[in-house]
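Working notes for the structure below.
The values are calculated or read from the model by the stated rules, or taken from the named source; none is laboratory data. Fair warning: this is a prediction, and the values are worked out from it, not measured in the lab. All Cβ positions, even for glycine, are placed from backbone atoms using ideal geometry, and neighbour counts span all protein chains on display. Keep in mind that these areas ignore ligands, DNA and RNA; they rest on the heavy atoms of the full protein, side chains included. Shrake-Rupley method; radii C 1.70, N 1.55, O 1.52, S 1.80 Å.
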Amino acid sequence: MFKVNMKISNIISRRNRILLRELVVTDFKLRYQGSVLGYVWSLLKPLMLFAIMYVVFVHFLRFGEGIPHFAVSLLLGLVLWTFFTEATNQGMQSIIARGDLLRKINFPKYIIVISSTISALINLVLNLIVVFIFMIFDGVDFGWTALIFPLTVLVIYAFSLGLAFFLAAVNIKYKDVSHLWEVFLQGLFYATPLIYPLQMVMEFGGQFAAQILMISPIAVLLQAARAQVVGHENVITADQLSSNPVFLAVPYVIIAVVILAATVYFKKSQGKFAEQV
């Protein structure tokens, strides 16, 4: 009996993996279907945004002046931020977008959300290749901390996935969530040291203002990722602002709570998804 149950479990697991793979491939193909440049847009979008930001904020407004490799640090931050917004936005809309599939096939609903975030993750990997090429030409001296960078990206992905689970479940009931999330992301963009260095915040607002900004999990993760690749001497991280373990732990506690609460909420809500979409 145990062997039979194990065999059934393996078959179901294999079916879910196949479904996940097909959804990821379909999502990635449909995203740029009908466009002239196709998949090239996955590389051009962050590069075009970087070009605008660089001309306005670095060239004219002189943000990051005197900070080595600030331009590539800006590019890396924008690429990671783009992934965060894509993963959460696509995850939020994923259940509604796959309503027809939900009504036809019985399968774990979390696969839909995961597939949409993996599609965004593929874009991130492609963009990071371009970023690292820029870094090589800019003369970035990669240290051993660059080996930790993939782990930080994994934490960013886990945080994005947790938010995507929560947003996807809530968005089915309340369609206003997508508009609220858009406004929230816009505010969070300017409250995160992306286009301006944290050194500038400390210069005009003091260390306390910088600490307030670094309570945000995404701000902490982006700064950590930049420091790991570009160098801690060029990027200010949370541990450089304070040695207080409570302050350093708060962003990661938020991440853990978000992932746990979102997973529980999604699991409780998924039984009614087919009826609600």
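Here Ile172 meets each of (1) over 19 Å from the mean Cα position of the chain (by Cα); (2) surrounded by fewer than 16 Cβ atoms within 10 Å (Cβ to Cβ); (3) over 27 Å from Tyr54 (Cβ atoms) with one exception, condition (2).
What number of residues within the stretch 33-58 are in contact with a helix residue (DSSP H, G or I) (Cβ under 9 Å, 6 or more places away or on another chain), of a type outside the set (Val, Ile, Thr) and either at pLDDT 70 or above or under 20 Å from Trp81 (Cα atoms) (or both)?
If we filter the stretch 33-58 for residues that are in contact with a helix residue (DSSP H, G or I) (Cβ under 9 Å, 6 or more places away or on another chain), which is where we start, we get 35, 37, 39, 41-43, 45-47, 49-50, 53-54, 57-58.
Checking which are of a type outside the set (Val, Ile, Thr) leaves us with 35, 37, 39, 41-43, 45-47, 49-50, 53-54, 57.
So of that shortlist, the ones also either at pLDDT 70 or above or under 20 Å from Trp81 (Cα atoms) (or both) come out as 39, 41-43, 45-47, 49-50, 53-54, 57.
Of the residues in the stretch 33-58, 12 are in contact with a helix residue (DSSP H, G or I) (Cβ under 9 Å, 6 or more places away or on another chain), of a type outside the set (Val, Ile, Thr) and either at pLDDT 70 or above or under 20 Å from Trp81 (Cα atoms) (or both).
Any idea which residue in the stretch 243-277 is least open to solvent (accessible area, probe 1.4 Å), counting only those that are in contact with a Leu (Cβ under 7 Å, 6 or more places away or on another chain) and of a type outside the set (Phe, Trp, Tyr)? Here the answer is Ala262. Note on the stretch 97-127: residues that are open to solvent by less than 20 Å² (accessible area, probe 1.4 Å) and either closer than 19 Å to Ile218 by Cβ or part of a helix (DSSP H, G or I) (or both) amount to 13.
Checking each residue in the stretch 198-209 for being within 17 Å of Gln240 (Cα to Cα) and either open to solvent by 10 Å² or more (accessible area, probe 1.4 Å) or modelled with pLDDT of 90 or more (or both) picks out Gln199, Met200, Val201, Met202, Glu203, Gly205, Gly206, Gln207, Phe208, Ala209. For the stretch 229-242, taking the residues that are open to solvent by less than 20 Å² (accessible area, probe 1.4 Å) and part of a helix (DSSP H, G or I), the one that is nearest to Ile111 (Cα to Cα) is identified as Val229. Selection of the stretch 59-100 for residues being under 28 Å from Val177 (Cα atoms), modelled with pLDDT of 90 or more and among the aliphatic types (A, V, I, L, M) yields Leu78, Val79, Leu80, Ala87, Met92. Just one of the numbered conditions (1) in a helix (DSSP H, G or I); (2) of a type outside the set (Asp, Glu); (3) at pLDDT 90 or above; (4) surrounded by 16 or more Cβ atoms within 10 Å (Cβ to Cβ) is not true of Pro193: (1). In the stretch 46-96, the residue that is surrounded by the most Cβ atoms within 10 Å (Cβ to Cβ) out of those that are without any contact (Cβ under 8 Å) to a residue 60 or more places away in the chain and not in a helix (DSSP H, G or I) is Leu61. Look at (1) modelled with pLDDT of 90 or more; (2) aromatic (Phe, Trp, Tyr); (3) part of a loop (DSSP other than H, G, I, E, B) and you find that Phe149 fails only one, number (3).
Against the conditions (1) under 23 Å from Tyr54 (Cα atoms); (2) touching a Pro at 6+ places or on another chain (Cβ under 6 Å); (3) not aliphatic (A, V, I, L, M), Pro217 satisfies every one except (1).
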